[in-house]
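*Asks:* Below: one structure in structure tokens.
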Amino acid sequence: METQIITGVKYMIFASLLFAFMGAIAKELSSSMNSIEIVFFRNVFGVIFIFLSIYKKPLKQEGGKLYLLLFRGTIGFLALLFFFYNISKIPLAEAMTFSKTSTIFTAVFAYIFLKEHLDYKAWIGVFIGFIGILFITQFDGTALSKTDWLGILCGVGAGLAYTSIRELRRYYESRSIVLSFMLIGTIVPIILMIIANFYTHPSLDFILGQFIAPKISDYFFIILLGIFSTLAQIYMTKAYSVAKAGIIATVSYTNIIFSIILGLFLGDNFPNIIIISGILLVILSGLLVSFKKG
């Protein structure tokens, strides 16, 4: 048992590092292309990989929840789009922390929609998490910025996506669930980039953007983006398959530490004390909520 835990922890640390590198590469690419295009390239590699997997080993599943499958794919795509937009606009660690609030929202949505029990520690965790969000956004009682709203919506969207997976896995293989997300994340960006040729507005730059032909040097980073994101998903799945969810979810927060370090190399300022406090509160919140599942 201890060997399995150690193996799971190693897998998750490696996955967290890969996710951090994925974010760093997306931030690097954002200097020459928009977030919609980056989302497209991030997903197209995954679609190819999953189709090859299905070709080698056909799907065996019950099906019957197509509407929920499409919902998971759409909401997951939007969460990823908001996440990549924020990566291009704010420090990497802050964008990553916003995405990690999905643990908080997953717990709340599972309680509401799936009637999952939350003990008092989990509810304290949810409360602490929302306080952490206020710290990260440095909310002063007036208004939140666009990136603040998109960061929160990223966590909400990911939380809804993860909650839907708990129902979908009764009817579909994991490959189908991931494919729904990546296929929508490949097709919809193409549509959005076409629309942007006819209409665009500065306030909609997070969802509309024209296709920009990548530079020769960009292709190296695009390939790395696909490799890192795919490997990160694989090792994260392996981690959850060999050790308890609570332990693995805890280790996954090393992603934020890696993101702070990589962000500094990319020119991000070190987070101030208020943001650091918010990050720590979100991590504490995630630990309290995660360990309800042990």
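Results for (1) within 22 Å of the chain's Cα centre (by Cα); (2) of a type in the set (A, V, I, L, M), shown as yes or no for each residue.
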{"position": "F71", "(1), (2)": "yes, no"}
{"position": "K121", "(1), (2)": "no, no"}
{"position": "I124", "(1), (2)": "no, yes"}
{"position": "L150", "(1), (2)": "yes, yes"}
{"position": "C154", "(1), (2)": "yes, no"}
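*Asks:* While we're looking at this one, here's another question. Give the residue, chosen from F221, F206, that is modelled with pLDDT of 90 or more and farther than 18 Å from T74 by Cβ. I'd like the intermediate steps shown before the answer.
*Replies:* Numbers: F206 fails: farther than 18 Å from T74 by Cβ.
Going through F221, F206 in turn, the sole match is F221.
*Asks:* Please count how many residues of segment 30-64 are farther than 14 Å from L179 by Cβ and surrounded by 16 or more Cβ atoms within 10 Å (Cβ to Cβ).
*Replies:* 11
*Asks:* Output the residues belonging to segment 267-279 that are surrounded by fewer than 16 Cβ atoms within 10 Å (Cβ to Cβ), touching a residue at least 24 places away in the same chain (Cβ under 8 Å) and either outside any helix (DSSP H, G or I) or not polar (S, T, N, Q) (or both).
*Replies:* Within segment 267-279, N269, I274 meet the criteria.
*Asks:* Given the options D148, D140, name the one that is in a loop (DSSP other than H, G, I, E, B), without any contact (Cβ under 8 Å) to a residue 60 or more places away in the chain, out of contact with any Lys or Arg (no Cβ under 8 Å at 6 or more places or on another chain) and not hydrophobic (A, V, I, L, M, F, W, C).
*Replies:* D140
*Asks:* I need every pair where a residue in segment 244-262 that is within 18 Å of T3 (Cα to Cα) has its Cβ under 8 Å from the Cβ of a residue that is at pLDDT below 80 and of a type in the set (A, V, I, L, M), sequence separation at least 6 or different chains.
*Replies:* Every condition considered, the pairs that remain are K244/I5; I247/I5.
*Asks:* When segment 1-41 is examined, which residues are found to be among the hydroxyl-bearing types (S, T, Y), closer than 21 Å to L192 by Cβ and not in a loop (DSSP other than H, G, I, E, B)? Before you say what the answer is, go through the steps one by one.
*Replies:* Within segment 1-41, the subset among the hydroxyl-bearing types (S, T, Y) is 3, 7, 11, 16, 30-32, 35.
Then drop every residue that is not closer than 21 Å to L192 by Cβ, which leaves 30-32, 35.
The answer is S35, and nothing else.
*Asks:* For segment 45-125, which fully contained helices (runs of 4 or more DSSP H) count at least 2 residues that are within 20 Å of G286 (Cα to Cα) and touching a Cys at 6+ places or on another chain (Cβ under 6 Å)?
*Replies:* Once the helices (runs of 4 or more DSSP H) in segment 45-125 are filtered for at least 2 residues that are within 20 Å of G286 (Cα to Cα) and touching a Cys at 6+ places or on another chain (Cβ under 6 Å), what remains is 66-89, 92-100.
*Asks:* Which of the residues belonging to segment 38-57 are farther than 13 Å from G226 by Cα and either modelled with pLDDT of 95 or more or of a type in the set (S, T, N, Q) (or both)?
*Replies:* Listed by number, the list holds a single entry, S53.
The values are calculated or read from the model by the stated rules, or taken from the named source; none is laboratory data. These numbers come from a predicted model, not from an experiment. In this analysis, Cβ positions are derived from the backbone assuming ideal geometry, glycine residues included, and neighbour counts consider all displayed protein chains.
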